[in-house]
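The values are calculated or read from the model by the stated rules, or taken from the named source; none is laboratory data. This structure is a prediction, so every number in the text was calculated from the model and none was measured. No Cβ is skipped: glycine too gets one built from the backbone with ideal geometry, and neighbour counts run over all protein chains shown.
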Amino acid sequence: MTRAPLPSLISTLKIIQINDISASYDSKSLVLDHVNLSIDRGTNYAIVGPSGSGKSTLLKLMNGMMIPSSGTIKIDYVAPNMKDKKFKKMMHTIGYIPQNLGLVKNITVLENVLIGSLPRLNKIQSFFKRFPEDEITEAKKIIKQVGLSGKEERKSYMLSGGEKRRVAIARAFMQKPTILLADEIVSELDRATAKEIMNLIADAQKRINLTAIMIHHDMKLALEYANRVAVIKGGHKILEIGVEGDTIVDFQTGDMTTEEIMSMYSDDSEK
Amino acid sequence: MTPKNNIIIGVVVALLVAASYNVEANPIEFAEGLPNLGIVLEELLLVEPKHVPVALWAMFETVQMAFIGTAVGIAIALPLSLLAARNLNSKYVYAPIRALLAAIRTFPSILWAILFVIMVGLGPFAGVLAIIMYTVGFVAKLQYEVIETIDADPMDAASSIGVSKWQLIRYVVIPESASHLLGQVLYMFDYNLRQTSILGLVGAGGIGFYIINYIKFFEYGKAAIFMIVVLITVLIVDWTSVKIRDKYIVKSQHGMEVTAKLN
């Protein structure tokens with residue numbers, strides 16, 4: 001008689017579960033107001049919404065830089081909190097790219113990418129800046145993947161906007177990530193460059209089972225690359241849709257039509 | 001000109017006259033004293049050339065004192081600046097360090113020199129110690145202010161990877177704040193050189209020691225030779241640091257400007 005194997009918690013489909021969370025910076029006004037989200041492993045999940053709607057806060061809750069004032073958020077069944085030891089270990093494999101990318105200006109591309117491997121270094125190695133050979137090889141491989149080969153020794157302030165984004169993505173890839181959180185990293189780029197960057201992430205998602213949660217300004221771009229799109233406005237999730245190819249396959253909440261959603265963002269999309 | 005401005009100017013002028021009277025600052029005496037400089041010039045021409053190598057040697061000693069003082073002072077200041085930065089430490093760490101640094105800064109270097117002459121006796125070592133103290137107080141302050149104004153974004157990005165605090169300092173804080181350090185090193189060396197030149201007045205070594213002694217014995221010509229050596233050296237150091245600044249600091253800022261346009 002064979003028994004079905006016990007379900008492993010880690011292999012469950014949902015990697016992020018957000019249950020009725022509210023968050024605020026000053027305990028007076030809520031930036032997020034009772035939001036629910038759940039994200040499947042391997043999805044490209046887009047969050048779209050006007051500025052000040054609470055999108056960035058949502059990412060900061062996911063990487064533990066903020067904790068919610070009410071409600072629960074779980075990443076692989078652990079509540080994100082930077083000060084929590086268990087979650088701090090998980091942070092090693094959660095890539096986070098802030099809106100301004102967070103590159104260290106005065107060091108080279110290679111050094112910026114190697115920052116992603118710091119948690120794997122021991123104290124002595126990190127004190128003397130002695131990165132193991134295999135980490136350097138890995139970093140160079142990733143730099144090549146993101147299309148920056150030959151620029152390893154370039155100081156990062158000398159790069160163009162598109163190149164800087166590639167470095168930030170390479171740094172996140174260096175973390176061997178399971179989750180990638182990216183805050184409007186393609187918003188300021190022209191459409192062609194934005195698509196190149198998005199393709200890099202899409203490729204990585206195919207290669208490793210990466211879950212990407214990306215904030216977008218451009219609804220069109222979000223619909224093009226994401227499996228699911230959540231629209232956040234004034235701290236509320238007003239809509240969530242599932243996308244397969246060119247068709248919207250699932251309407252979760254809200255009562256807006258596709259045209260209405262598109263028109264909300266069409267002014268910004270034609271850059 | 002509003003009436004209010006007139007009143008302010010009137011008050012300032014009145015204070016100026018009253019204060020000048022109190023300290024016996026008399027412009028007429030200044031004008032009458034000008035020809036006395038002629039005596040110095042006359043004596044300068046009478047000084048035997050054998051004093052020039054002595055002056056150069058004394059200046060070399062002064063430069064070395066300033067060099068040691070600046071280098072050691074900065075080496076002590078940098079770790080302190082990391083501890084004094086509000087964005088890296090809790091209040092219980094940065095508050096006492098800041099208080100200590102503020103206390104160090106209240107003394108001008110000449111007072112430190114007097115203190116160290118009492119401690120270790122006359123001579124250049126007392127001067128070096130004074131320069132170290134002064135450098136620690138100022139560079140640590142300048143540097144913790146730089147650290148506090150570095151971009152929060154790279155710090156956020158790195159700490160969200162879960163790096164240790166030491167790694168954060170080593171790989172983000174130091175590289176981000178280092179570009180300002182070169183400017184501060186140059187400024188501090190420049191400043192310390194001038195300071196060291198006068199520390200001899202209180203017996204703490206350097207070229208100032210010769211100058212004060214010649215003046216005491218009314219040997220204005222010799223004193224002038226030594227002062228001219230100081231002047232020339234300071235000009236050379238000034239010129240060199242401008243060149244270094246142009247090469248490294250201005251260039252990198254220019255680089256940032258160019259990339260800012262690309263964004």
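Of all positions in the range B:93-116, at least one carries a residue that is out of contact with any Ser or Thr (no Cβ under 9 Å at 6 or more places or on another chain), part of a loop (DSSP other than H, G, I, E, B) and closer than 24 Å to B:Asn213 by Cβ.
Of the residues contained in the range A:177-191, one or more are found to be in a helix (DSSP H, G or I) and surrounded by fewer than 16 Cβ atoms within 10 Å (Cβ to Cβ). Given the criteria away from chain B (no Cβ under 11 Å) and acidic (Asp, Glu), does A:Glu184 qualify? Considered against the rule, which asks whether it is away from chain B (no Cβ under 11 Å) and acidic (Asp, Glu), A:Glu184 comes out as yes.
Taking the range B:143-184, which residues are away from every other protein chain (no Cβ under 14 Å) and crowded, with 17+ Cβ neighbours inside 10 Å?
Keep residues of the range B:143-184 that are away from every other protein chain (no Cβ under 14 Å), which gives B:143-145, B:148, B:184.
Passing the criteria: B:Gln143, B:Tyr144, B:Gln184.
Contact map, the range A:79-93: residues that are without any contact (Cβ under 8 Å) to a residue 24 or more places away in the chain and more than 9 Å from chain B (Cβ to nearest Cβ) paired with residues that are surrounded by 12 or more Cβ atoms within 10 Å (Cβ to Cβ) and of a type in the set (Phe, Trp, Tyr), Cβ distance under 9 Å, separation 6+ or inter-chain. Pairs shown: A:Ala79/A:Phe87; A:Pro80/A:Phe87; A:Asn81/A:Phe87. Candidates in the range A:141-163 are the residues that are within 8 Å of chain B (Cβ to nearest Cβ) and part of a helix (DSSP H, G or I); of these, the one that is farthest from the chain's Cα centre (by Cα) is A:Met158. The number of residues in the range B:218-262 that are modelled with pLDDT of 85 or more, within 23 Å of the chain's Cα centre (by Cα) and not small (Gly, Ala, Ser) comes to 18.
Out of A:Leu110, A:Leu101, A:Leu114, I need the residue that is assigned to a loop (DSSP other than H, G, I, E, B) and either β-branched (Val, Ile, Thr) or touching a residue at least 24 places away in the same chain (Cβ under 8 Å) (or both). Which one? Let's see the steps before the verdict.
Numbers: A:Leu110 fails: assigned to a loop (DSSP other than H, G, I, E, B); A:Leu114 fails: assigned to a loop (DSSP other than H, G, I, E, B).
Exactly one residue qualifies, and that residue is A:Leu101.
Filtering the range A:94-104 to residues that are small (Gly, Ala, Ser) and either within 11 Å of A:Ile75 (Cβ to Cβ) or facing chain B (nearest Cβ under 7 Å) (or both) leaves only A:Gly102. Selection of first residues in the range B:12-39 that are in contact (Cβ under 8 Å) with a residue 24 or more places away in the chain and of second residues that are part of a helix (DSSP H, G or I), restricted to Cβ pairs under 7 Å at least 6 apart or on distinct chains, gives the following pairs, ordered by first then second residue: B:Ile39/B:Tyr220. Within the range A:123-140, being away from chain B (no Cβ under 11 Å) and exposed (fewer than 14 other Cβ atoms within 10 Å of the Cβ) holds for A:Ile124, A:Arg130, A:Pro132, A:Glu133, A:Asp134, A:Thr137.
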